[in-house]
2 protein chains.
Amino acid sequence: MTSPAVTLAGAARTGDRRALGRLLTEIEARTSTGRAALADMYPSAGSAHLVGVTGPPGSGKSTLVAALASRVRKQGRTVAVLAIDPSSPITGGAILGDRVRMQAHAGDAGVFIRSMAARGHAGGLALATLDAATVLDACGFDMVVIETVGTGQGEVAIASLAATTVVVQPPGLGDEVQALKAGLLEVADIVVVTKADVPGADQAAGALRAMLTVGAQHDRMAGDRPRPTRPEVLLVSAVEGTGVAELLAAIDRRAPGAAGDRRDAARFRDQALVRAETQLLGLVEERVRTRMQSGEARSRLNVEAQAVAAHEADPHAAADRLLDLLMGKNGE
Amino acid sequence: MTSPAVTLAGAARTGDRRALGRLLTEIEARTSTGRAALADMYPSAGSAHLVGVTGPPGSGKSTLVAALASRVRKQGRTVAVLAIDPSSPITGGAILGDRVRMQAHAGDAGVFIRSMAARGHAGGLALATLDAATVLDACGFDMVVIETVGTGQGEVAIASLAATTVVVQPPGLGDEVQALKAGLLEVADIVVVTKADVPGADQAAGALRAMLTVGAQHDRMAGDRPRPTRPEVLLVSAVEGTGVAELLAAIDRRAPGAAGDRRDAARFRDQALVRAETQLLGLVEERVRTRMQSGEARSRLNVEAQAVAAHEADPHAAADRLLDLLMGKNGE
């Protein structure tokens, strides 16, 4: 009756960190064991606050996340961090990162830190990360932080799948413009200007607030659906330890079930629905990709790709043929 | 007999820039007119050299691409640039960028510059960009440059779909490490250290060469499939105009049909096959996504998403049900 997946899930839930680590590896590898464990754990999930933290390289994200985690722990709550680390075969970045990060919280069972390797995932990284967050949620962590390195669309997309998205921005002339260009501010629920101790941080925060005001006006003029709310802009100095409590308070105001007005509750529900649709579309595509790379479809894909590479076939016509093949294999 | 798509394609091919612009808009919007025009133009494509240029923000990509385009023009060849611009509703970045860029080459029919808006494309941007490159190829441009802003996985993926990928890296303490972390060096055929006129550029190039050597050794030790070749590292100063000719020569050595040894030719064919498979998988997924968002699938997606958002359904089980629905709609 008890499958290995259910045993693993049970052990992870009772605080067995090795079991949790193994389970997350199964989730990352998209195995059937991971899937079965997820199905078993899903009903227990739903109470953790999923927080995405993203920003450009060198913005001080990791330091901020560490400070935030310490603050959460001081209040007696537990926190798990999923760090998306564009790893390299050269540095083995993800593993190294884990070790460095673990030291500050070594021996504290209320903190769990795990790097997700970006390598080899392509579009599936967001899905694997969400599944890993569900596992951590079911294991009882009060807050699950998804930290994404980088400023690319993919990384931004992952952070924006969290219930609350924090965009980290270092103070620096013109960096606000880069943030705008990368579409970062559009997904932000909270914008944090880090390094509040250095000169220019106040001005950077002011510039960001001004931009966000102009953006809200532009939305109205362009007839775009206005963004749910204008994000808060907060100043944090991880070095001096200022602003972290305010950041945590701002995050907590957006927690599932947080006391807020009814408009907020309806808005959070709408956002959760959009996120669920995005996740489901991603999971359907992941299944299609897997089917395309096995059995008859795999060899047909190869044949079509050869014709396309040789400029003998129109890729769109080839894609139509592959889709027909996939659809014909109903029930396989 | 002559569809609007074929008329548009014909006009674009004979040098009508307004028709070309309209056609690219159809391609970006993924319309049936765009599809039909592509099918018509595909057989004429295949001789342009598709060059991806990517690198972190502020690395001098745009300046480098402008210098490269001028060099190509001096040799009497034609060049088109597709600039991927993570645009914002606030700045309207893409359009502004086009105008600024066009000025240097205004009135020169041998240069065509077009910004592709990253907004709203999600995973589809790479597909739209490849289709746009095919159109420009069929219109007779000798070189098509795809310039991607940003350092994210998505942007890197787009640039790496080109036949030749140039990674641009500014000289700066530690920036090489960021490039490694972002997985940039792994997709590079050629690495360009820009701003060769500033102090430290030589050291940066040296550090990159050393890293790439270590990487190649690591691959061997780890038993990974070695990368095709170690990328060349070149120094360019767009300000002083040095290194651009060498860069163009390095690019030309990788052109389709370039004289090289047989091992190179076989390697280029293998790489083209991998790129074609990636494109086909993307196009199949794009079709699945479109189908999921129309008709009965659309409402079922909404119902399932509500259950998932309310934590009443396991997203994986919901995705399986949606895929079954899609497969059952065979021949629709």
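I need a count of the residues in segment B:210-250 that are at pLDDT 80 or above and either closer than 16 Å to residue B:267 by Cβ or touching a His at 6+ places or on another chain (Cβ under 6 Å) (or both).
Selection size over segment B:210-250: 3.
Give me the pairs: first residue in segment B:282-297 and over 17 Å from residue B:319 (Cβ atoms), second residue modelled with pLDDT under 90 and among the hydroxyl-bearing types (Ser, Thr, Tyr), beta-carbon distance under 9 Å, and six or more apart or on different chains, which are they?
none
Kindly establish whether residue A:292 is at the interface with chain B (Cβ under 7 Å from one of its Cβ atoms), closer than 14 Å to residue B:285 by Cα and modelled with pLDDT under 90. Even if it seems obvious, please write down each step before you answer.
Working: at the interface with chain B (Cβ under 7 Å from one of its Cβ atoms): yes; closer than 14 Å to residue B:285 by Cα: yes; modelled with pLDDT under 90: no.
Taking the combined requirement at face value, the residue does not satisfy it.
Can you name the residue in segment A:309-326 that is assigned to a loop (DSSP other than H, G, I, E, B) and among the acidic types (Asp, Glu) and, of all such residues, is surrounded by the most Cβ atoms within 10 Å (Cβ to Cβ)?
As a first pass, look at segment A:309-326 and keep what is assigned to a loop (DSSP other than H, G, I, E, B): A:310-314.
Now drop any that are not among the acidic types (Asp, Glu), which leaves A:312, A:314.
Details: A:312: 12, A:314: 20.
Within segment A:309-326, the match that is surrounded by the most Cβ atoms within 10 Å (Cβ to Cβ) is A:314.
Do we have residue A:281 as assigned to a helix (DSSP H, G or I) and more than 14 Å from every other protein chain (Cβ to nearest Cβ) here? Even if it seems obvious, please write down each step before you answer.
Numbers: assigned to a helix (DSSP H, G or I): yes; more than 14 Å from every other protein chain (Cβ to nearest Cβ): no.
In short, no.
Looking at A:147, A:155, A:176, which one is in a strand (DSSP E or B), surrounded by 20 or more Cβ atoms within 10 Å (Cβ to Cβ) and either within 19 Å of the chain's Cα centre (by Cα) or at pLDDT 60 or above (or both)?
Details: A:155 fails: in a strand (DSSP E or B); A:176 fails: in a strand (DSSP E or B).
The match here is A:147.
Considering only segment A:261-273, state which residues are in contact with a helix residue (DSSP H, G or I) (Cβ under 8 Å, 6 or more places away or on another chain) and either modelled with pLDDT of 90 or more or surrounded by fewer than 17 Cβ atoms within 10 Å (Cβ to Cβ) (or both). Even if it seems obvious, please write down each step before you answer.
Taking segment A:261-273 first, the residues in contact with a helix residue (DSSP H, G or I) (Cβ under 8 Å, 6 or more places away or on another chain) are A:269, A:272-273.
Of everything in segment A:261-273, those that are in contact with a helix residue (DSSP H, G or I) (Cβ under 8 Å, 6 or more places away or on another chain) and either modelled with pLDDT of 90 or more or surrounded by fewer than 17 Cβ atoms within 10 Å (Cβ to Cβ) (or both) turn out to be A:269, A:273.
Being buried (at least 23 other Cβ atoms within 10 Å of the Cβ), of a type outside the set (Ser, Thr, Tyr), under 30 Å from residue A:191 (Cα atoms) and within 14 Å of another protein chain (Cβ to nearest Cβ) narrows it down to one residue among A:37, A:48; which is it?
Values: A:37 fails: under 30 Å from residue A:191 (Cα atoms).
Testing whether each residue is buried (at least 23 other Cβ atoms within 10 Å of the Cβ), of a type outside the set (Ser, Thr, Tyr), under 30 Å from residue A:191 (Cα atoms) and within 14 Å of another protein chain (Cβ to nearest Cβ) leaves just A:48.
Restricting attention to segment B:108-125, does a residue exist that is at the interface with chain A (Cβ under 8 Å from one of its Cβ atoms), buried (at least 22 other Cβ atoms within 10 Å of the Cβ) and at pLDDT below 85?
yes
Does any residue of segment B:64-78 turn out to be out of contact with any helix residue (DSSP H, G or I) (no Cβ under 6 Å at 6 or more places or on another chain), assigned to a loop (DSSP other than H, G, I, E, B), crowded, with 19+ Cβ neighbours inside 10 Å and away from chain A (no Cβ under 14 Å)?
Yes.
Take residue A:314 and tell me if it is out of contact with any Ser or Thr (no Cβ under 8 Å at 6 or more places or on another chain), without any contact (Cβ under 8 Å) to a residue 24 or more places away in the chain, within 22 Å of residue B:276 (Cβ to Cβ) and within 8 Å of chain B (Cβ to nearest Cβ).
Details: out of contact with any Ser or Thr (no Cβ under 8 Å at 6 or more places or on another chain): yes; without any contact (Cβ under 8 Å) to a residue 24 or more places away in the chain: yes; within 22 Å of residue B:276 (Cβ to Cβ): yes; within 8 Å of chain B (Cβ to nearest Cβ): yes.
Considered against the rule, which asks whether it is out of contact with any Ser or Thr (no Cβ under 8 Å at 6 or more places or on another chain), without any contact (Cβ under 8 Å) to a residue 24 or more places away in the chain, within 22 Å of residue B:276 (Cβ to Cβ) and within 8 Å of chain B (Cβ to nearest Cβ), residue A:314 comes out as yes.
Starting from segment A:39-55, keep only residues that are acidic (Asp, Glu), then list their pairs with residues that are crowded, with 24+ Cβ neighbours inside 10 Å whose Cβ atoms are within a distance under 9 Å, requiring at least 6 positions of separation or different chains.
These pairs meet every condition: A:40/A:9.
If I ask for residues that are modelled with pLDDT of 90 or more and either β-branched (Val, Ile, Thr) or within 23 Å of residue B:201 (Cβ to Cβ) (or both), which ones from segment B:44-63 would you list?
Selection gives B:51, B:52, B:53.
Taking residue A:29 as the residue in question, decide whether it is surrounded by fewer than 16 Cβ atoms within 10 Å (Cβ to Cβ) and among the aliphatic types (A, V, I, L, M). It would help to see each step written out before you state the result.
Working: surrounded by fewer than 16 Cβ atoms within 10 Å (Cβ to Cβ): yes; among the aliphatic types (A, V, I, L, M): yes.
Yes, satisfied.
The values are calculated or read from the model by the stated rules, or taken from the named source; none is laboratory data. Remember, predicted model here, so these are calculated numbers, not experimental data. With ideal geometry, Cβ positions are generated from the backbone for all residues, glycine too; neighbour counts draw on all protein chains shown.
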